[in-house]
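The values are calculated or read from the model by the stated rules, or taken from the named source; none is laboratory data. This is a predicted model, so every value here is computed, not measured. Quick reminder, even Gly has a Cβ in these numbers, built from the backbone with ideal geometry, and neighbours come from all protein chains shown.
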Amino acid sequence: MRKKVFVGVIVLLSGFLLGGISFYILGRIAPSGSGLSSTASPRVPSQIIETSNAFSEIAKTISPVVVNISTTKIVKREAPSFFDDPFFNFFGPSNDFSFPKKWKEQSLGSGVIVSSDGYIITNDHVIEQAEEIKVTLYDKKSFKGKIVGSDPKTDIAVIKINADSLPTAAWADSDKLQVGEFVLAIGNSFGLSHTVTMGIISAMGRVSVGITDYEDFIQTDAAINPGNSGGPLVNIKGEVIGINTAIFSKTGGYQGIGFAVPSNLVRSVMEDLIKYGKKTRGWLGVSIQRLTPELAEKFGIKDSNGALVGDIVKGSPAEKAGLLRGDIILEYSGKKVKDADSLRNTVAQTKAGSQVNIKILRKGKEYNLSAAITESPKEPGEAKVEPAPQDAVRGEALAGLEVIELTKDIAQQLGLNRAEKGVVILKVENGSAAEEAKLRKGDVIQEIDNKKVTNINDFNKIASAIRTDATVLLFINRGGQKFYTAIKAS
């Protein structure tokens, strides 16, 4: 009985305590003299209000320089339609099953006004093959757009409208950007004009994304959707830091990963397109590759910074400067080389005729060279690889590879000079170290651990002397493209 009374007292005291707390809280929230139905007004710190106002001001400032781009192109049907079958004329001619042989296709994108007289930056894929371009300004005025020039290798294009006294965008130095900075993305998402989204810079210098030939993307989590392409990515000062280009998505919609071409690269391309109608690029004449930890170890380097020279084009600025295959480029024009991708982009942006200093590492020693950069020639097409004959003499197994000797006829089939020497990979074993290194049928091995392989006997002799637990340095010729790779021997 006493136990029940004790429990009852505890429950009663708890009720009083909770009731008292509730009245205290309500008294703190509700204004004096007001009823319980009054709406609470939370106190917002002044810093948050100021930040919110700042973003609003940025949007107001940058929105007038962002345009809507609507394009129309004619799409032609190449193959016969299913409805062209005579069966559909069995009951007499009818238009119910007709399918047009050509039709108009419309698409939407965005752009940024970069000059008061009507030059506008956008993406190449926004205006690609467009027969009609309509540009709508922030004030709803519309103009006919004309393509000035485009560069598919960076996905940047310039168009022009006949207008004057237009507001223009301010540019930021993209080399000074840092991960974590606040950014705004502005564009015409899904055709909805001037949509503003906010995020941060998630990463810098993104390469190997597979979007363009020359990649150095800013990655952001600011929402970028279809229709945003060609629009600006801006910093908290309202300066353009990049041009929104693409998203990474498995659904086709926003998933938190967007990419923008950095402003410094955009401006370099833009200036050439306006001046020449095309993008001109500097050329050194080397085949370079990224230094993996395995390659760095084989070349006796402590870290993976720099770019490994895989091949030298005859008569090129690189050959004239004294560069050799196997050199590691550490600095270019006074700046340290992070990797092969960054060097490729930097060389491409170098003006033809420029004299640049190049610091290299060769067999453990540093050398300084000077090269006269020329304009990039047209790139050759990719070599066609034909199957190798099955009756040739095979080489000994190495890292899951089966090889045969490179004959003059096979060299010609592979698109190589008939004078090339080496052994051809005939088969790559599934799950082997060679497969991990992305070696493939048709690749030609010309060196193993810096020892020349001219025939099958050389290959067998060198391979038989390699320990099964060793890392092997191979020099590969793939359709004329030469590079190094390091793989485990077994």
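Looking across segment 332-350, the residues that are outside any helix (DSSP H, G or I) and of a type in the set (Val, Ile, Thr) come down to 337, 350.
Annotation: residue 186 fulfils all but one of (1) assigned to a strand (DSSP E or B); (2) out of contact with any helix residue (DSSP H, G or I) (no Cβ under 9 Å at 6 or more places or on another chain); (3) closer than 21 Å to residue 71 by Cα; the unmet one is (2). Of all residues in segment 43-56, those satisfying the criterion of being free of Cβ contacts under 8 Å to residues at least 40 places away in the same chain and under 32 Å from the mean Cα position of the chain (by Cα) are 51, 52, 56.
Checked against (1) within 13 Å of residue 359 (Cβ to Cβ); (2) buried (at least 17 other Cβ atoms within 10 Å of the Cβ), residue 322 meets all criteria but (2). Going by the conditions given, is residue 267 surrounded by fewer than 18 Cβ atoms within 10 Å (Cβ to Cβ), in contact (Cβ under 8 Å) with a residue 60 or more places away in the chain and within 19 Å of residue 473 (Cβ to Cβ)? It is false that residue 267 is surrounded by fewer than 18 Cβ atoms within 10 Å (Cβ to Cβ), in contact (Cβ under 8 Å) with a residue 60 or more places away in the chain and within 19 Å of residue 473 (Cβ to Cβ).
Inside segment 133-149, residues that are in contact with a Leu (Cβ under 9 Å, 6 or more places away or on another chain) and either of a type in the set (Phe, Trp, Tyr) or not in a strand (DSSP E or B) (or both) make up a count of 2. For segment 423-436, a residue qualifies if it is under 22 Å from residue 454 (Cα atoms) and crowded, with 18+ Cβ neighbours inside 10 Å, and the qualifying residues are 423, 424, 425, 426, 428, 434.
Here residue 168 passes the criteria (1) within 17 Å of residue 122 (Cα to Cα); (2) surrounded by fewer than 17 Cβ atoms within 10 Å (Cβ to Cβ); (3) β-branched (Val, Ile, Thr); (4) within 21 Å of the chain's Cα centre (by Cα) except the one numbered (4). Considering segment 287-320, the residues that are touching a Leu at 6+ places or on another chain (Cβ under 8 Å), farther than 15 Å from residue 339 by Cβ and not aliphatic (A, V, I, L, M) include one that is modelled with the lowest pLDDT, namely 298. Residues that are under 30 Å from the mean Cα position of the chain (by Cα), under 18 Å from residue 289 (Cα atoms) and aliphatic (A, V, I, L, M): does segment 447-460 have at least one? No; the residues of segment 447-460 include none that is under 30 Å from the mean Cα position of the chain (by Cα), under 18 Å from residue 289 (Cα atoms) and aliphatic (A, V, I, L, M).
Restricting segment 297-310 to residues that are surrounded by fewer than 19 Cβ atoms within 10 Å (Cβ to Cβ) and not basic (Lys, Arg), the residue that is farthest from the chain's Cα centre (by Cα) is 300.
Scanning segment 108-120 finds no residues that are buried (at least 18 other Cβ atoms within 10 Å of the Cβ) and in a helix (DSSP H, G or I). Comparison of 434, 419 shows that the only residue that is touching a Gly at 6+ places or on another chain (Cβ under 9 Å) and not β-branched (Val, Ile, Thr) is 434. Just to be sure I understand the filter: pairs with C-beta atoms under 8 Å, separated by 6 or more residues or on different chains, first member in segment 403-418 and outside any helix (DSSP H, G or I), second member basic (Lys, Arg). Which pairs pass? Taking only residues 6 or more apart or on different chains, the pairs are 403/394; 404/394; 406/421; 415/384; 418/408. For segment 162-171, the count of residues that are more than 27 Å from residue 344 (Cα to Cα) and touching a Lys or Arg at 6+ places or on another chain (Cβ under 7 Å) is zero.
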